[in-house]
Each structure stands twice: as C-alpha cells, then as structure tokens.
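Before any comments, here is the structure.
The values are calculated or read from the model by the stated rules, or taken from the named source; none is laboratory data. None of the values given here were measured: they were computed from a predicted structure. All Cβ positions, glycine included, derive from the backbone under ideal geometry; neighbour counts span all protein chains shown. Ligands, DNA and RNA are stripped out before the accessible areas are found, and what is left, the full protein with its side chains, is counted by its heavy atoms. Shrake-Rupley method; radii C 1.70, N 1.55, O 1.52, S 1.80 Å.
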Amino acid sequence: MKLIIQIPCLNEAETLAIALAELPREVKGFDTVEWLIIDDGSTDNTAEIARQNGVHHVVRHPVNRGLAVGFMSGLDACLRLGADVIVNTDADNQYCGADIPKLTAPVLAHEADIVIGARPIDETEHFSWIKKKLQRLGSWAVRVASKTDVADAPSGFRAMSRDAAMRLNVFNAYTYTLETIIQAGQSNLQVVSVPIRTNGDLRPSRLVKSISSYVKRSLVTILRVFVIYRPLALFSYVGSLFILLGLISGIRFLYYYLDNGGEGHIQSVILASLCITLGMLLYMMGLIGDLIATNRKLLEKINLRLRRLELDSLHRGSRD
C-alpha cells in the first residue's frame with residue numbers, strides 16, 4: 001500500500017520547510033509514504049526547498065493556474081505514481097501533520113472514500129467572529145447540497161482513496177474544497193469528517209483576501225455545482241416560486257373581477273401571465289439541464305473507465 005501526501009504551493013519558500021518537518025515518513029497501514037509538491041508557478045525557490053527537505057516528487061506549472069488546477073494536477077500525478085491513498089494538506093502548516101493517520105484510517109478500513117479533517121473552528125484564535133459564523137454557514141450549505149455530513153467543508157486537509165481520486169473533476173479554478181464535496185455526495189461516494197488539530201497562523205490566507213469576496217465566490221461555486229448536478233431540483237424550486245406568485249396575482253384579479261368587474265386591476269393579469277410563463281420556462285430549463293446532467297454522468301463513467309485502463313496500462317508497463 002502506498003500513501004502519497006501532496007501539497008499545492010505558490011511562493012511557499014518561507015513556510016514549506018516548517019510544514020514538511022511536520023509530515024510523517026511512516027504511517028500505519030502503508031508500506032510506502034511519499035511526498036509530492038505541486039509548484040503552481042512560484043517565482044521563489046519553493047521547488048528547490050522542497051527537494052532539499054526530502055520531497056520525492058515535484059510537479060511544476062510554468063505559470064500560476066490556480067489552487068483547484070494545482071490540486072487536480074497533484075491527484076493526476078499521485079495516481080500515475082501508483083498511490084492507493086492520497087492526502088492533501090497545505091504548505092502554511094495550518095494542519096497538524098501528526099493527524100494524518102486519523103484521516104487515512106477510515107479509508108484503509110473501507111469505511112469512507114473521502115475523509116475531511118474538521119478544524120476546531122470555535123477555538124481557532126486567528127479566525128474572526130464573522131469568519132467563524134460564515135465557515136459554519138458555508139458548511140451547512142454544502143451539507144444540504146451534497147447530502148453529506150461534513151462538519152468543515154472549506155478544510156483542505158483530506159484523504160481519499162484511489163477510486164475516489166479518479167472520480168473527481170473540478171470545474172472552478174478558485175478552489176476545490178466545496179465543489180469536490182458536493183460532487184462526491186452527488187456521486188454516492190462515502191464522505192466522513194474526523195476532528196483534527198491546527199497549528200498557529202504563519203501567514204494570512206491567500207485564498208480569503210476579504211470576507212465579502214470569499215462569501216461571493218463560495219455562493220457562486222455552490223450555485224454552479226447545483227446547476228451542474230441538480231438542475232431539475234434547482235430550476236423547479238425557482239420556477240415554483242414564480243408560478244405561486246402568478247397564481248396569487250391571478251386570484252387577486254379574479255377577486256376584484258367578481259367584486260366590481262376588475263376595473264383598474266389589469267396589471268394583476270399581466271403580472272400573473274408573466275410569472276406563470278417564466279415559471280414554465282424555468283421548468284423546461286430544469287428538464288433540459290437534467291438531460292444534460294444525465295449525459296454528463298454517462299461521460300463521467302466513460303472517463304473513469306478510460307482513466308482506469310490508462311493507469312493500469314501505465315503500471316503494467318512500469319513493472320515490465
């Protein structure tokens with residue numbers, strides 16, 4: 001059994017050595033533990049420091065492509081290197097490396113496909129009050145969207161099986177954390193949370209430049225994933241609201257029509273017609289989106305089979 005610990009990096013020369021010093025060289029249940037760094041277009045000596053500190057593999061992007069792309073590049077490299085389990089962590093030493101066995105244990109026991117480390121949000125001193133509340137709100141929204149019981153959705157400290165890694169696809173270049181959970185839940189992968197510890201803050205977050213920006217980007221990500229994975233439910237809910245508003249407006253006009261001929265209330269008829277028409281159009285968009293989502297699921301199955309064949313062929317060739 002091989003475990004590969006991957007770390008996406010962008011100009012992490014100051015903190016990477018600290019984070020690497022916390023990582024284990026041996027983990028219970030694995031014959032081999034390797035480290036992999038994704039250098040996402042760094043302009044400092046991140047890659048050099050990684051090699052000096054015993055990193056086994058370095059994947060380099062010539063330019064910065066974003067955290068989500070770096071995460072997926074790491075998964076692809078880990079799969080090609082024969083990883084049975086992949087752990088993702090951060091280069092700023094936010095997460096406690098000694099907790100990696102907590103993440104991998106449920107995967108090894110076949111109790112989970114993806115395990116996410118749940119940080120002690122309320123006890124984290126460098127998180128502001130509003131950030132703590134928004135973290136909880138965001139995690140709740142992801143739980144609703146994904147139908148999972150994830151306690152800390154934005155956490156990047158996670159372990160996944162080889163099969164789960166092959167199934168994941170990220171469309172958003174901003175971050176992978178929310179989208180992969182929703183995608184995993186919609187794909188019927190078993191996602192669980194385990195409590196983990198965190199270390200002191202070494203630098204400000206580069207992903208959360210401002211609370212408002214983070215909230216906006218997170219809401220857009222959740223909405224986008226809903227449109228991709230649950231279009232019929234989303235458009236049906238919104239369409240039903242418009243139809244309900246149209247019916248209320250129509251009933252209002254009917255009341256006044258029976259009372260005094262409806263004089264002066266023609267605007268209610270116009271509003272009712274507009275809302276009902278919009279509602280029906282949204283229903284149709286939901287049906288079309290559901291057909292597209294069905295095709296996407298078929299394409300995901302085809303892509304999964306092709307990846308399995310490609311990786312099996314690659315590993316057979318390396319053994320020969």
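Using a 10 Å cut-off on Cβ atoms, rank the peptides 290-296, 141-147, 52-58, 113-119 from the highest mean neighbour count down.
Values: 290-296: 13.0, 141-147: 19.0, 52-58: 15.4, 113-119: 24.6.
Output ranking for 290-296, 141-147, 52-58, 113-119: 113-119, 141-147, 52-58, 290-296.
Over the Cα atoms of the stretch 215-320, Rg to Rh with Kirkwood Rh, two decimal places? It would help to have the intermediate numbers written out before the result.
Values: Rg = 24.1 Å, Rh = 17.4 Å.
Radius of gyration over Kirkwood radius for the stretch 215-320 works out to 1.38.
Taking a label point 7 Å from the Cα of Leu291 along the Cα→Cβ vector, which residues of the stretch 226-268 have an amide N closer than 14 Å to it?
232
Rolling a 1.4 Å sphere over the protein heavy atoms, what is the accessible area per residue of the chain, to the nearest Å²?
Working: 16530 Å² over 320 residues.
Here the residues of the chain average 52 Å² of exposed surface.
Sort Glu12, Glu26 by heavy-atom solvent-accessible area, probe 1.4 angstrom, most to least. Write down the numbers at each step before the final one.
Values: Glu12 10, Glu26 160 Å².
Correct descending sequence by accessible area is Glu26, Glu12.
Ordered by residue, what ³J(HN,Hα) values in Hz, to whole numbers, does the stretch 270-275 give under the Karplus form 6.51 cos²θ - 1.76 cosθ + 1.60, where θ = phi - 60° and Gly and Pro are x?
Listing the rounded values in order: 4, 5, 4, 5, 5, 5 Hz.
With a 10 Å radius around each residue's Cβ, average the other Cβ atoms per peptide and rank 247-255, 299-307, highest first.
Numbers: 247-255: 15.3, 299-307: 12.4.
The peptides rank, most packed first, as 247-255, 299-307.
Rounded to two decimals, what ratio of Rg to Rh does the chain give with C-alpha atoms and a Kirkwood Rh? Mind showing how you got there, number by number?
On the way: Rg = 24.1 Å, Rh = 21.9 Å.
With Rg and the Kirkwood Rh in hand, the quotient comes to 1.10.
At a 1.4 Å probe radius, carbon and sulfur cover how many percent of the accessible area of the chain? Could the numbers behind the result be given before it?
On the way: 9870 of 16530 Å².
C and S fraction of accessible area: 60 percent.
Taking the alpha-carbon distance from Lys297 and a cut-off under 17 Å, which aspartates and glutamates remain once sequence neighbours fewer than 8 residues away in the same chain are dropped?
Asp163, Glu179
Using 0.36 nm per residue of separation minus the Cα-Cα distance, give me the extension gain between Arg224 and Asn64 in nm, one decimal. Before the final figure, lay out the partial values.
Values: separation 160, 0.36 × 160 = 57.60 nm, distance 2.32 nm.
Value of the extension gain: 55.3 nm.
Using alpha carbon centroids, what distance separates the stretch 49-68 and the stretch 131-152, in Å?
Cα centroid of the stretch 49-68 versus Cα centroid of the stretch 131-152: 30 Å apart.
Near Lys133, which lysines are there with a Cα under 23 Å away, not counting those fewer than 8 places off in the same chain?
Lys147, Lys209, Lys216
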